[in-house]
Structure formats: structure tokens, C-alpha cells
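A.B. asks: Below is a structure I'd like to ask you about.
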Amino acid sequence: MFLSVFDMFKVGIGPSSSHTMGPMVAAARFLDKMRASPFVFSGVRASLHGSLAFTGVGHATDRATILGLAGFMPDTYDNELAEKALRQIHETHSLHPDGLPTLNFHPKDDMIFDFGPNLPGHANGMILMATDSQGDVILKETYYSVGGGFVLTEDELAQGKDTDDGAPVPYPFKSAKEMLEMCLTTGKTVAELKRANEISRGGSNKLNEGVKRIWTVMDDCINRGLERGGILPGGLSVKRRAKGIHDALIAERGLNLAPPHTINDWMSVYAMAVNEENAAGGQVVTAPTNGAAGVVPAVIRYYLDHVPGASKSKIEDFLLTAAAIGGLVKFNASISGAEAGCQAEVGSASAMAAAGLCAVLGGTPEQVENAAEIALEHHLGMTCDPVKGLVQVPCIERNGLGAIKAVSAASLALRGDGTHLVPLDACIETMRQTGADMSEKYKETSLGGLAVNIPNC
């Protein structure tokens, strides 16, 4: 099993990796399918199902799908061009993707929200259709957005979740147990195993430059979030809080007025800055999802700005270690809130961040695994119940608390020798089982929890 660090950390746009980035990627894939087809097309339609339908408007799924069908992609997204394209589409009822004829598309009629049962493969399902001049469907594909921006067709899902057909890597591991055994027999750290695997596929230059870009986008996102005030879009009138909190923290510096626990506010404000940017549709990095995008960068920023002796040279080790843990969670359970609740998003992110921090603070592979387990264990059972289908409440603050838990988990692990009762593999399996047992109304549908108990929402 191999999932690249660039699979776990993808540059994209908010507000959701599964509901915004995934549908945009699916639409782009469908355009490629149309380009390869001998048929002559006149129009396209899209049908959203399950969580994509129930929280699609709040997560801008319809907008992302339309833009994807117009040729936009998350990693090269330009908001100004996108807004211009959307205005034209709504005015002309047509799309103009490269390499295809002008396609009829009326957003009101051709973007369908199906609130019936989920499609059989996953809670995040969508069907894209191309039509002929008579309006008959002549090409169709079902896509599943399985979390973190990953997209699978119906056939790909049936063949095996996220199969990897690439060349063998030197250190393949499908479980934390296998990972630790490889560390023991080779004397390598988790990051060194992961680095060797990455270099075997893409070379060292691609790895080094790619990781630099990931951190640059993460850090820029934090900084934008710390500088911007105002009200977040979506109708909840949620005020951006990161700037005000950050300004107050800066003002308190050097006055010896703040109690020791104020360090928690620093961790939280970094995470909240990212998730406020995400909620506003800004550029973020999946870590491993958009809804949990604040945890990992917040912990890295905490490490760099607040830990004596911290070094930017260790960011690569942090992200490689975090990606190794995230890959185990995705392969053996889920990182999708629509599949397993928020334990799969913020819980996974907290485990990844805890492992990364533990590693750069000198933890052994056993301590790294322990840190990830502690963080994940104490998110088990967490539901995904976004108010009004938006990634604002409880998502923004939840990332702050996920960062705090990650730092606490790394610290606890470093206080021990790596031995502990609950293996990370058992914790991941428990998360999978818990997600399977969880009621659908608590899995990103906004049909339960806070989403139905907030007045006027």
C-alpha cells in the first residue's frame, strides 16, 4: 500500500475536500471521458446524492461541479476567473470546456439534488451525464468522492478502494505494526521509510520542492486568516475570530499578564485562521481533508514559533510522518466525514499532527505511533453535524481543539517509552467500526446534532 505525501496533502480550495474539490475533480474526469468518446455531445447534467445532496449547497458542491464541467481544477483554481465563468454560465445556459463543443447546461434544471437513498458505494455519490441533441443520455458515469479530494468511479470502487498500481516501493506497510517492524529491522524512522518510498516514485527533487510548496500554502493560509476580519459567507453570520484573538495575543506579549494556558490560544488561533479561510472558499491544503485542514499547519506553526530549538529543516520530517499515519487511517478506515463522522476528519488530522510533532521533537517510532493513537482515541465517536451544512459550526473551533489534543498527545507519548495498551491499528479499526455503526444523520447530512438544535438554522 502506498499513498504519497502529495495524496494526503493536496493544494485546493474551500470549503470542503469531499464536497467541493472531489466533485470538481470528478467533473474534470468526466470531461476527459467525453473527449475520448466517439459520440457528439450537446449537453451535460449532474445528479448529487447522499451527503453531497443534503449539504451540497452549504459546501458549494453545485458550484464546484459546474466549474469542474467548465474546466476548472482545484490546484490551479483562480477565483476571479471562476466568478466570471459562473456569471456567463448562468446567463447563457452553456459551458465551453476545452476540446469539446459548446454544451447546453441550465443550472436550475441540469444540477439535480437527489434527497433519496444514498448510492450504494459511498455516502458522497454523484452521477454525471452527457446528452445528445435530443436530450437523451448517451454517456454516464457514477463517481464517489471518498474524502480528502480522492475520487473513484463506481468500477474503481468495486475493484478495490484506492488501489495502487505503481511500481513497488522499498518499504510498503499496510499497518502500524508493519511500519514499526520495518523501523526496528532497518533502524530508520517513520519519516525515513516514507522518504525512501517517495523518492522511489518521484525522485528527491520532486519531494523537496513539493513539500516546500505544501508548507508555503499552509503558512500563507494561516497568515491570511490572521489578517482578515468580517463575516463568513453562508447566512449564519459567523464572525471571523482569528484576527481579533491574534491581535490580543500579540498585545499581551511581554506584559507578563497571560497565564501559561494561553499557549492553547495560540494553537487554536492558527487552526481557526485556516478554517475561517476554508469556510470562505480560500486556498487551503487537505490535511487530510479541508474540514480538518487547520490542525496540521497549526501544530507546525506552534512548533516553529513556540518551541525552543525548532527548525524549518524538520518540516519535511513532520509532513512525511503525518502522511504515513494518514495513509494508514485512510487505507484501513476512512478520512471521510460522510462515511465515519468527524472522528475520521479532525480525529485523523489530530493523529497525523501528533505523530509529526512527536517525530520532530525526537520521538522514537514507538513514541510516534503512541502519539497518533492517543490523539485518535480521544476523538472516537465524534459526529459530523455541520449547522446549515456549512463548515463553520462546529468545524472551525473543532480544529483548534484538535490541534491542542495533538500537542498534548505528542507530549504524553514523549513522557513514556512507547509501550502502551491500545495499538494504533486497534484504534483505527475501532474508528472504522464506530463509523459503520454511526447513524447516517450524524455523518455530514446536517440531519442531527447541532444542525437541528440551533434555533433558526
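A.B. asks: Among the residues of region 1-42, write down those that are touching a strand residue (DSSP E or B) at 6+ places or on another chain (Cβ under 9 Å) and of a type in the set (Phe, Trp, Tyr).
C.D. replies: Scanning region 1-42 gives Phe9, Phe30, Phe39, Phe41.
A.B. asks: Then there's this: For region 385-434, name all the residues that are assigned to a helix (DSSP H, G or I), farther than 21 Å from His59 by Cα and among the β-branched types (Val, Ile, Thr).
C.D. replies: Ile404, Val407, Ile428, Thr430, Thr434
A.B. asks: Quick check on region 255-276. Is at least one of its residues outside any helix (DSSP H, G or I) and touching a residue at least 24 places away in the same chain (Cβ under 8 Å)?
C.D. replies: Scanning region 255-276 turns up no residue that is outside any helix (DSSP H, G or I) and touching a residue at least 24 places away in the same chain (Cβ under 8 Å).
A.B. asks: Let me ask another. With the requirement that a residue be in contact (Cβ under 8 Å) with a residue 60 or more places away in the chain and among the aromatic types (Phe, Trp, Tyr), what does region 132-147 give you?
C.D. replies: Tyr143
A.B. asks: For region 120-149, which positions are modelled with pLDDT of 95 or more, closer than 18 Å to Ile66 by Cα and under 26 Å from the mean Cα position of the chain (by Cα)?
C.D. replies: Asn124, Gly125, Met126, Ile127, Leu128, Glu141, Thr142, Tyr143, Tyr144, Ser145
A.B. asks: Considering only region 213-241, how many residues are under 16 Å from Gln283 (Cβ atoms) and not in a loop (DSSP other than H, G, I, E, B)?
C.D. replies: 15
A.B. asks: Sticking with this structure for a sec: Given the residues Arg253, Arg228, which is the only one that is of a type outside the set (A, V, I, L, M) and surrounded by 13 or more Cβ atoms within 10 Å (Cβ to Cβ)? Before the answer, list the steps.
C.D. replies: Values: Arg253 fails: surrounded by 13 or more Cβ atoms within 10 Å (Cβ to Cβ).
Within the list Arg253, Arg228, the selection yields Arg228.
Residue-wise test of (1) farther than 21 Å from Thr289 by Cα; (2) aliphatic (A, V, I, L, M).
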{"site": "Asp114", "(1), (2)": "yes, no"}
{"site": "Ile127", "(1), (2)": "yes, yes"}
{"site": "Asp136", "(1), (2)": "yes, no"}
{"site": "Gly147", "(1), (2)": "no, no"}
{"site": "Pro170", "(1), (2)": "yes, no"}
{"site": "Phe173", "(1), (2)": "yes, no"}
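A.B. asks: Only one of Leu424, Leu447, Leu401 is out of contact with any Ser or Thr (no Cβ under 8 Å at 6 or more places or on another chain) and either basic (Lys, Arg) or within 30 Å of Ser237 (Cβ to Cβ) (or both). Can you tell me which?
C.D. replies: Sole residue among the options that is out of contact with any Ser or Thr (no Cβ under 8 Å at 6 or more places or on another chain) and either basic (Lys, Arg) or within 30 Å of Ser237 (Cβ to Cβ) (or both): Leu447.
A.B. asks: Applying the selection to region 164-194, what residues are free of Cβ contacts under 8 Å to residues at least 40 places away in the same chain and part of a helix (DSSP H, G or I)?
C.D. replies: Passing the criteria: Glu178, Glu181, Met182, Thr185, Thr186, Glu192.
A.B. asks: OK, next. Of (1) surrounded by 17 or more Cβ atoms within 10 Å (Cβ to Cβ); (2) assigned to a loop (DSSP other than H, G, I, E, B), Pro38 satisfies all except one. Which?
C.D. replies: Tallying (1) surrounded by 17 or more Cβ atoms within 10 Å (Cβ to Cβ); (2) assigned to a loop (DSSP other than H, G, I, E, B), Pro38 fails exactly one: (1).
A.B. asks: Still on this structure, I have one more. So Leu376 clears everything in (1) in a helix (DSSP H, G or I); (2) of a type in the set (A, V, I, L, M, F, W, C); (3) closer than 23 Å to Ser237 by Cβ except one condition, right? Which one?
C.D. replies: (3)
A.B. asks: Which residues, taken from region 417-457, are of a type in the set (Asp, Glu) and in contact (Cβ under 8 Å) with a residue 24 or more places away in the chain?
C.D. replies: Passing the criteria: Asp417, Asp425, Glu429, Glu440, Glu444.
A.B. asks: Moving on to the next point. Could you say whether any residue in region 317-334 is of a type in the set (Val, Ile, Thr) and either surrounded by fewer than 24 Cβ atoms within 10 Å (Cβ to Cβ) or without any contact (Cβ under 8 Å) to a residue 24 or more places away in the chain (or both)?
C.D. replies: Among the residues of region 317-334, not one is of a type in the set (Val, Ile, Thr) and either surrounded by fewer than 24 Cβ atoms within 10 Å (Cβ to Cβ) or without any contact (Cβ under 8 Å) to a residue 24 or more places away in the chain (or both), which makes the answer no.
The values are calculated or read from the model by the stated rules, or taken from the named source; none is laboratory data. Please read all numbers here as calculations on a predicted model, not as lab measurements. Note that each Cβ is placed from the backbone with ideal geometry, even for glycine, and that neighbours are counted across all protein chains shown.
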